[in-house]
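The values are calculated or read from the model by the stated rules, or taken from the named source; none is laboratory data. Computed from a predicted model, the values in this text were never measured in an experiment. Cβ atoms come from the backbone with ideal geometry, glycine included; neighbour counts cover every protein chain shown. Side chains are part of the model used for accessible areas, which takes the heavy atoms of the whole protein and leaves out ligands, DNA and RNA. Shrake-Rupley method; radii C 1.70, N 1.55, O 1.52, S 1.80 Å.
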Amino acid sequence: MTLRPESPAVERRPVAPAWFDAALAQAPERTHLEVEGAEIEVLTWGERGRPGLLLLHGFTAHADWWSFIAPFLLQGRRIVAYSLSGMGRSGWRDAYSLEQYAREAIAVANATGLFDSAVAPILVGHSFGSFATRIVAHTLGIRLGGIVLVDGALAASESDDEYDGVPVRGHRHRVYPTLEQAVARFRFEPPQSCDNPFILDFLARTSLGLAPAEHGGDGWSWRFDPDLRAKVRALPNAELLAPVPCRVALLFGDRSKLMNSRRLGLIRRHTPPDAPWISIPDAGHHIMVDQPLALVAALRSLLEAWQPAATLEYPTTLPTSSVPA
């Protein structure tokens, strides 16, 4: 997003630690890929032919939710994040479904070369993105090196198809006269506080764009389709709970409002007993917001186990710019 030079919001950004600035400095290549009639925003880091990692974001979020995480996972890998249709800078559709999102993920993985390596790619899905990740795993099976489901809040029982309680909007986005006013209105769903204001500020800015004329124009509004929830056709819970024919790991925020004991019990019953089950301390549902470096550490550990180090290139020393301030 390009900020207007005269915008006072540029001068009011929270100070970020060195690790965050260093991560964003490793900017991805940004492209768009047409998938079944919609332009899909794609971010890529690393060389084609390296072991692949595909990152899927949550509901109404976008690919840049991963842009301060991906560089820490990059060593010797090809990393891709994309914005699901109807979200971020991707195009909107008349209707959405988890099957559609799974096809988008497979199309993006193929187009960006994630299957070019002899090492099978790994998928990481946060929240709503974890549902599409499950469907991809059902489709591709052992062509994947594994999937990591990050706070994927399924229903509380096999017969219950309500997932996360995000309300249907069904109206146009509000248009804010200035970027600063719009940033101030950014909120997480489910609601939570944020002890890292520099992350909140970054996510707010990358979630906003200049409003199109048909939406009132002359101001700023959210990029995602305001009718997104009303247009999404969800799968029955039983289909999402079908056994995944590849390795699976689960990560949770230990204070996530979505992961109550009933949901955790359901997931435990339908997960192989040897699957890694990782709880991130002092993290809510949006783990990359609350504990980004703990999330990096957990993902690095899983990737090291699933993508052997012999195939990767790790630095012998950690760059000082990557060390938290």
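The table for this structure:
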{"item": "Test result for Ser67, among the hydroxyl-bearing types (Ser, Thr, Tyr) and at pLDDT 95 or above", "result": "yes"}
{"item": "Residues satisfying the stated conditions in the stretch 109-156, i.e. assigned to a loop (DSSP other than H, G, I, E, B) and on the phi > 0 side of the Ramachandran plot", "result": "Gly113, Ser127, Asp151"}
{"item": "Residue in the stretch 65-88 that is over 26 Å from Pro236 (Cα atoms), among the β-branched types (Val, Ile, Thr), out of contact with any Gly (no Cβ under 9 Å at 6 or more places or on another chain) and in contact (Cβ under 8 Å) with a residue 12 or more places away in the chain present", "result": "yes"}
{"item": "Residue check, Gln192 open to solvent by less than 60 Å² (accessible area, probe 1.4 Å), farther than 24 Å from Tyr101 by Cα and polar (S, T, N, Q)", "result": "yes"}
{"item": "Test: residue in the stretch 168-180 that is open to solvent by less than 40 Å² (accessible area, probe 1.4 Å) and either part of a strand (DSSP E or B) or at pLDDT 95 or above (or both)", "result": "yes"}
{"item": "Filtered residue count, the stretch 37-74, keeping only those that are surrounded by fewer than 23 Cβ atoms within 10 Å (Cβ to Cβ) and farther than 19 Å from Leu114 by Cβ", "result": "5"}
{"item": "Qualifying residue in the stretch 89-104 (condition: among the hydrophobic types (A, V, I, L, M, F, W, C), open to solvent by less than 20 Å² (accessible area, probe 1.4 Å) and part of a helix (DSSP H, G or I))", "result": "yes"}
{"item": "Pair list, Cβ under 6 Å, 6 or more apart: the stretch 193-213 residue at pLDDT below 95, other residue surrounded by fewer than 20 Cβ atoms within 10 Å (Cβ to Cβ) and of a type in the set (Gly, Ala, Ser)", "result": "Ala211/Gly217; Ala211/Gly219"}
{"item": "Given (1) modelled with pLDDT of 95 or more; (2) touching a helix residue (DSSP H, G or I) at 6+ places or on another chain (Cβ under 6 Å), index of the condition Arg143 fails", "result": "(2)"}
{"item": "Sole exception among (1) modelled with pLDDT of 95 or more; (2) more than 25 Å from Trp92 (Cα to Cα); (3) of a type in the set (Asp, Glu) for Glu39, by number", "result": "(2)"}
{"item": "Any chance Asp94 is over 21 Å from Gly146 (Cβ atoms) and in contact with a His (Cβ under 9 Å, 6 or more places away or on another chain)", "result": "no"}
{"item": "Close pairs (6 angstrom Cβ cut-off, 6 or more residues apart or separate chains): loosely packed, with under 14 Cβ neighbours inside 10 Å in the stretch 253-274, modelled with pLDDT under 90 anywhere", "result": "Arg262/Ala156"}
{"item": "Residue selected from the stretch 278-325 under the condition open to solvent by 50 Å² or more (accessible area, probe 1.4 Å), part of a loop (DSSP other than H, G, I, E, B) and modelled with pLDDT of 95 or more, by the criterion farthest from Gly145 (Cα to Cα)", "result": "Asp282"}
{"item": "Unmet requirement for Val183, which otherwise passes all of (1) part of a helix (DSSP H, G or I); (2) farther than 25 Å from Val15 by Cα; (3) in contact with a helix residue (DSSP H, G or I) (Cβ under 6 Å, 6 or more places away or on another chain)", "result": "(2)"}
{"item": "Ala61 vs. criteria within 23 Å of Ala294 (Cβ to Cβ), in a strand (DSSP E or B), in contact with a Phe, Trp or Tyr (Cβ under 9 Å, 6 or more places away or on another chain) and small (Gly, Ala, Ser)", "result": "no"}
